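Step one of this worksheet: look at the structure below.
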Amino acid sequence: MTPSAADRPHSGALRALLPVLAAHRAMTLRTFAAALVDQIALVALVALAAHTLGTAVVAGTLPGPATIGLLLGLVVVRALATWREMDLSHDLAYRVLAELRVRVFDGLARSAPARIDGRRSGDLAAAALGDVEALEFFYAHAIAQLASSVLVFSSGAAVLAAVEPWLLVVVLPLAALLALTPLLDGRGRTERGTRTRTAAAELSADAVETVDGLPELLAFGGLEERRERLRLRGRRLGDAQRREHTWEAGAGALRDLLVVGAVVAVVAVVAGAVGAGRLGGAWAPTAMALALGVLAPVADSAAALGQAGGLRAAAARVGAAVRAPAGAPEPVEPRTLPPGPLGVRLRGVRFDYGGTRVLDGLDLTVRAGETIALAGVSGAGKSTCAHLLARFWDPSEGAVELLPRDGVPVDLRELAESDLRRAVAVVGQDTPLFRGSLAENLRLAAPDASEGRMREVAALCGVDHIAAGLPDGYRSAVGERGATLSGGQRARIALARALLAEPRLLVLDETTAHLDTEGDEQIAHALLASAGDRTTIVIAHRPATLRRADRIAVLAAGRVVEDGTWDTLVSRPQGALGRVLIHRDTGHHRNALTP
């Protein structure tokens, strides 16, 4: 399993996530201070204990009350500092992770749907949750520990130089080896961590996909094959984790060997210093304890640095999501959209999906208050028009403009996001519902709508019958993605949700595809009853839906090739609309053309 180019992290992936600490400077400093006190207390405790023991053995002098009190005090300080450092570091880490999750979701929202198009929901979940969660170790254990270890080692090295310079000669190379060990294997750690994170993301994606498609897998007997796929993904993840942990165990053994070597070297230097008379016998244990005490934080930091190296893949994915470019950037100086009815104009619009041209110089004007239907075979660019009107993307050439009553066009790129969403609503064929009550889903775009207004719009779209069939009416939970409802019921709720927001431009992209003829007629009545000055664009294949529009624009090859009323267009059997209907219902086009 080879990670994709997008998953290969750069060496600065972790450093790029350090600025998020800027909003938590005070807590970061407190965490560093607690870690510093913890490490200093440990070095002081072992040095004092060694000196007390050496004095008792060599000089036969028992420790006095002050020494015993100081030892007990250092034990208490170390215990409190350890507890405080763990409390602060994890508090800091979880605050940072909470902020990172928001930034990741903001990045996905800012760049959607271009960034999430083609990406599996499990892969997005891994980036949004799993990868962010993996960074807890980096923020909770690595940063404060590394910073305090540098300061403790620097101070301890200065003391060693004053006590016995040869100890510093021994300690410095060993400390350098301990620090360099994780850095020398940095590329390998990154590759192993990348394999693990990629395997976890693939397993997550397959698991989410399997749960979502469980009814189809059961219906078509594909569950066993899917189980085998999940087992394979699980084995790959297990293999990647074993390789990563095996290497980490080897690195830990190497650090232990270096520490043992340090013990032997320090003992030899101290023995030589005592023999040469440079150290008194009582100070020998103190010097050894001090030398090994300042090495201990370095060894711990090397272990933390090694584990952090395996997180570069997670850091790269999180960083990429956080820094995702906006698919539709906010204007620097937004224009204000005047009140009143809005028409819309697509002028010379060209658009492609990564090289596949969909719209090629499309021109279309819809007058304020008009209902127009967009027709065309699959791939003609109808849904792309809806996406551009919602400003999910911007056209590569041309402009999408709203036409206020004053006649001064307003390019969608000149509007603030909030103004655009209040003016334009797009309802797709598979508009999802969210976990929560029916009322909460209806009020998604209009949270302040009154109960009476909500019920009025709901009744208009037939949602009142849905509510009547639920145990708690409008307070009933509809399940994640509306799983407890049919496609037609979800379509009615989605339309009612849009109408409750009272948009000035409503775009329906195959919204009634799941409804039967009676349901389609009821929705048509709801649209007519609530129309007012609203402009409506309907994307549909159903002849009855097309027939009800004020006029029909037929798309082909990325352009409008025919424009007119139903009666005008169907009077030309060889026209573009006739070919679309024949394509829709080959062999039955005569019935399709019959009013």
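The values are calculated or read from the model by the stated rules, or taken from the named source; none is laboratory data. Please read all numbers here as calculations on a predicted model, not as lab measurements. When we count neighbours, we look across all protein chains shown, and the Cβ atoms used for this are built from the backbone with ideal geometry, even at glycine.
Only one of V358, V332, V344, V349 is β-branched (V, I, T) and surrounded by fewer than 19 Cβ atoms within 10 Å (Cβ to Cβ); which? Please lay out each step first, then the result.
Working: V358 fails: surrounded by fewer than 19 Cβ atoms within 10 Å (Cβ to Cβ); V344 fails: surrounded by fewer than 19 Cβ atoms within 10 Å (Cβ to Cβ); V349 fails: surrounded by fewer than 19 Cβ atoms within 10 Å (Cβ to Cβ).
Residue meeting the stated conditions: V332.
Residues that are in a helix (DSSP H, G or I) and surrounded by 21 or more Cβ atoms within 10 Å (Cβ to Cβ) within segment 8-27 comprise just one, L17. Take the residues of segment 507-522 that are touching a helix residue (DSSP H, G or I) at 6+ places or on another chain (Cβ under 6 Å) and not small (G, A, S): which is surrounded by the fewest Cβ atoms within 10 Å (Cβ to Cβ)? Restricting to residues being touching a helix residue (DSSP H, G or I) at 6+ places or on another chain (Cβ under 6 Å) and not small (G, A, S), the top hit is H514.
Quick one: which helices (runs of 4 or more DSSP H) lie wholly within segment 163-226 and hold at least 1 residues that are of a type in the set (D, E, K, R) and crowded, with 16+ Cβ neighbours inside 10 Å?
Numbers: elements: 165-184, 186-212, 214-219.
Of the helices (runs of 4 or more DSSP H) lying wholly inside segment 163-226, those with at least 1 residues that are of a type in the set (D, E, K, R) and crowded, with 16+ Cβ neighbours inside 10 Å span 186-212.
I need the full set of residues from segment 240-253 which are surrounded by 17 or more Cβ atoms within 10 Å (Cβ to Cβ) and among the aliphatic types (A, V, I, L, M), in order please. Result: A240, A251. Out of curiosity, is D472 in contact with a Pro (Cβ under 6 Å, 6 or more places away or on another chain) and at negative phi? Against the criterion (in contact with a Pro (Cβ under 6 Å, 6 or more places away or on another chain) and at negative phi), D472 does not qualify.
Looking only at segment 400-414, count every residue that is crowded, with 17+ Cβ neighbours inside 10 Å and over 26 Å from the mean Cα position of the chain (by Cα) and tell me the total. It would help to see each step written out before you state the result.
Start the filter on segment 400-414 by keeping residues that are crowded, with 17+ Cβ neighbours inside 10 Å, which leaves 400-404, 410, 412-414.
Pick out the ones that are also over 26 Å from the mean Cα position of the chain (by Cα) and you get 400-404, 410, 412, 414.
So the count comes out to 8.
Looking across segment 327-384, just one residue is of a type in the set (S, T, N, Q) and within 15 Å of E397 (Cβ to Cβ), and that is T384. Per the conditions (1) assigned to a helix (DSSP H, G or I); (2) free of Cβ contacts under 8 Å to residues at least 40 places away in the same chain, the sole criterion not satisfied by G54 is (2). Is it true that some residue in segment 237-256 is within 30 Å of F153 (Cβ to Cβ), aliphatic (A, V, I, L, M) and out of contact with any helix residue (DSSP H, G or I) (no Cβ under 8 Å at 6 or more places or on another chain)? There is at least one residue in segment 237-256 that is within 30 Å of F153 (Cβ to Cβ), aliphatic (A, V, I, L, M) and out of contact with any helix residue (DSSP H, G or I) (no Cβ under 8 Å at 6 or more places or on another chain). Close contacts from segment 87-101, counting a first residue that is free of Cβ contacts under 8 Å to residues at least 60 places away in the same chain and a second that is hydroxyl-bearing (S, T, Y) and surrounded by 16 or more Cβ atoms within 10 Å (Cβ to Cβ), with Cβ to Cβ under 8 Å and a gap of 6+ residues or different chains, come to S89/T31; S89/Y139; A93/Y139; L97/Y139.
From the list L415, L402, L433, the one residue that fits, being hydrophobic (A, V, I, L, M, F, W, C) and under 19 Å from I493 (Cβ atoms), is L433.
Return the residues of segment 63-115 that are outside any helix (DSSP H, G or I) and either of a type in the set (G, A, S) or outside the structural domain of D38 (by TED's automatic domain parsing) (or both); say none if nothing qualifies. First the steps, then the outcome.
Taking segment 63-115 as the starting set, the residues that turn out to be outside any helix (DSSP H, G or I) are 63-64, 112-115.
Answer for segment 63-115, where residues must be outside any helix (DSSP H, G or I) and either of a type in the set (G, A, S) or outside the structural domain of D38 (by TED's automatic domain parsing) (or both): G64, A112, A114.
Residue count for segment 470-495, restricted to those that are more than 30 Å from the chain's Cα centre (by Cα), closer than 19 Å to D516 by Cα and modelled with pLDDT of 85 or more: 1. Among the residues of segment 371-392, which ones are surrounded by fewer than 18 Cβ atoms within 10 Å (Cβ to Cβ) and either within 16 Å of E562 (Cα to Cα) or in contact with a Ser or Thr (Cβ under 8 Å, 6 or more places away or on another chain) (or both)? Once the filter is applied, which keeps residues that are surrounded by fewer than 18 Cβ atoms within 10 Å (Cβ to Cβ) and either within 16 Å of E562 (Cα to Cα) or in contact with a Ser or Thr (Cβ under 8 Å, 6 or more places away or on another chain) (or both), segment 371-392 yields only V377. On the given criteria, is P339 farther than 23 Å from D430 by Cβ and in contact with an Asp or Glu (Cβ under 7 Å, 6 or more places away or on another chain)? It is false that P339 is farther than 23 Å from D430 by Cβ and in contact with an Asp or Glu (Cβ under 7 Å, 6 or more places away or on another chain).
Scanning segment 253-277 for residues that are without any contact (Cβ under 8 Å) to a residue 12 or more places away in the chain and charged (D, E, K, R) yields one hit, D256.
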